[in-house]
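Read through the structure below, which is laid out as structure tokens, and then see the notes.
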Amino acid sequence: MTEFIDTHTHMYDEAFAGEEDKAIERAVSAGVTRLVFPDIDSTSREAMFTLADRHPGTVFPCLGLHPTSVGKDWETEYGKMMQYSGKTVYAIGEIGMDCYWSKEFVREQEEAFRTQLQLACSKGLPVIIHSRNSTDLILRILDEYRHMGLRGVFHAFSGSIETFRALQKYGDWYVGIGGVLTYRNASIAETVRDIPTDRILLETDSPYLTPVPKRGSRNESSYIPYIAEKLAMLKGITSEETAAATTANARALFGI
């Protein structure tokens with residue numbers, strides 16, 4: 001059976017309340033045999049780890065403080081996160097910068113981002129980066145850590161091929177490609193043609209960014225094959241080749 005890995009899914013989100021296990025079963029039945037769960041903050045962290053504990057070998061949790069959860073008291077929230085530092089996790093994330101919703105706590109976001117990059121380096125873990133209206137700032141920060149061997153993925157990548165190439169200067173970096181790829185007139189559909197397949201990871205970001213033909217409904221990991229099919233068409237390869245390449249990439253990055 002063709003095997004996929006969803007490298008970014010929030011199926012512990014309240015949008016799945018009461019049917020998380022069934023959604024995971026649907027994913028596995030669709031060939032999506034491994035699910036990477038990025039962390040958000042203390043409001044959902046326990047639910048994430050509880051669900052991961054129920055599905056060992058299928059769900060791979062991460063640890064991180066999302067930039068939109070960073071405020072003046074971010075260090076308190078970070079302390080709550082570190083109470084889980086003894087857990088087995090597969091990346092530090094979802095971390096980064098978000099200047100779309102608000103620029104009120106940009107300084108605090110920078111501090112939290114740097115702190116978590118250092119945490120990833122100390123633990124030898126990859127990072128999952130959230131970047132929204134903040135790419136230049138994030139690249140400037142990554143440049144400061146270039147000597148530390150950082151590696152990871154730019155989640156929901158929507159940048160230009162020039163941005164992709166710039167990112168490669170800062171270490172071992174992949175890009176996460178999700179449901180937006182299937183949207184009409186999505187610029188990433190053109191950019192992805194020039195991105196090497198060995199730098200691409202598949203993701204859903206469920207329950208958000210549902211791919212066509214399911215757009216308009218709640219997203220879930222079982223929809224990864226729709227994204228893979230679109231990627232295969234754009235790259236001029238088969239869906240099986242897409243699955244094999246992106247699964248190998250995910251295994252290499254996350255060690256799963």
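The values are calculated or read from the model by the stated rules, or taken from the named source; none is laboratory data. Since the model is a prediction, treat every value here as computed from it, not as a measurement. Cβ: placed from backbone, ideal geometry, glycine included. Neighbour counts: every protein chain shown. For accessibility, only protein heavy atoms count, side chains too; no ligands or nucleic acids. Shrake-Rupley method; radii C 1.70, N 1.55, O 1.52, S 1.80 Å.
The table below gives the values:
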quantity	calculated
Which numbered condition Lys169 fails, given (1) more than 12 Å from Thr7 (Cα to Cα); (2) outside any helix (DSSP H, G or I)	(2)
Every pair of residues 6+ apart whose Cβ atoms lie under 6 Å, when the first sits in region 136-155 and is assigned to a helix (DSSP H, G or I) while the second is surrounded by 13 or more Cβ atoms within 10 Å (Cβ to Cβ)	Leu137/Met97; Ile138/Met97; Ile138/Ser131; Leu142/Tyr170; Arg146/Tyr170; Met148/Cys121
Cβ-Cβ under 6 Å pairs, at least 6 apart or on other chains, region 183-196 side closer than 13 Å to Thr163 by Cβ, far side in a helix (DSSP H, G or I) and among the aromatic types (Phe, Trp, Tyr)	Ile195/Phe164
Residue in region 104-115 that is closer than 30 Å to His55 by Cβ and either within 14 Å of the chain's Cα centre (by Cα) or touching a residue at least 60 places away in the same chain (Cβ under 8 Å) (or both) present	no
Cβ pairs under 7 Å, 6+ apart, first in region 162-182 and closer than 17 Å to Ala250 by Cβ, second surrounded by fewer than 22 Cβ atoms within 10 Å (Cβ to Cβ) and aromatic (Phe, Trp, Tyr)	Val175/Phe164
Leading residue by the ranking (surrounded by the most Cβ atoms within 10 Å (Cβ to Cβ)) among those in region 230-240 that are assigned to a helix (DSSP H, G or I) and touching a residue at least 12 places away in the same chain (Cβ under 8 Å)	Leu231
Output for region 223-243, where each listed residue is among the aliphatic types (A, V, I, L, M) and in contact with a Ser or Thr (Cβ under 8 Å, 6 or more places away or on another chain)	Ile224, Ile227, Ala228, Leu231, Ala232, Ile237, Ala243
Verdict on Asp205 being open to solvent by 30 Å² or more (accessible area, probe 1.4 Å), touching a residue at least 24 places away in the same chain (Cβ under 8 Å) and closer than 30 Å to Lys123 by Cα	no
Matching residues in region 102-135 - criterion: being hydroxyl-bearing (Ser, Thr, Tyr), part of a loop (DSSP other than H, G, I, E, B) and in contact with a strand residue (DSSP E or B) (Cβ under 9 Å, 6 or more places away or on another chain)	Ser134
Pair list, Cβ under 8 Å, 6 or more apart: region 62-86 residue open to solvent by less than 10 Å² (accessible area, probe 1.4 Å) and modelled with pLDDT of 95 or more, other residue assigned to a loop (DSSP other than H, G, I, E, B) and among the polar types (S, T, N, Q)	Leu63/Ser85; Met81/Ser42
One residue from Val180, Val192, Val175 being under 27 Å from Ile40 (Cβ atoms), open to solvent by 10 Å² or more (accessible area, probe 1.4 Å) and at pLDDT 95 or above	Val180
Any hit, region 145-168, residues being under 19 Å from Ala232 (Cβ atoms), open to solvent by 30 Å² or more (accessible area, probe 1.4 Å) and of a type in the set (Asp, Glu)	no
Region 17-29, subset in contact with a Leu (Cβ under 9 Å, 6 or more places away or on another chain) and open to solvent by less than 10 Å² (accessible area, probe 1.4 Å), residue farthest from Leu51 (Cα to Cα)	Ala27
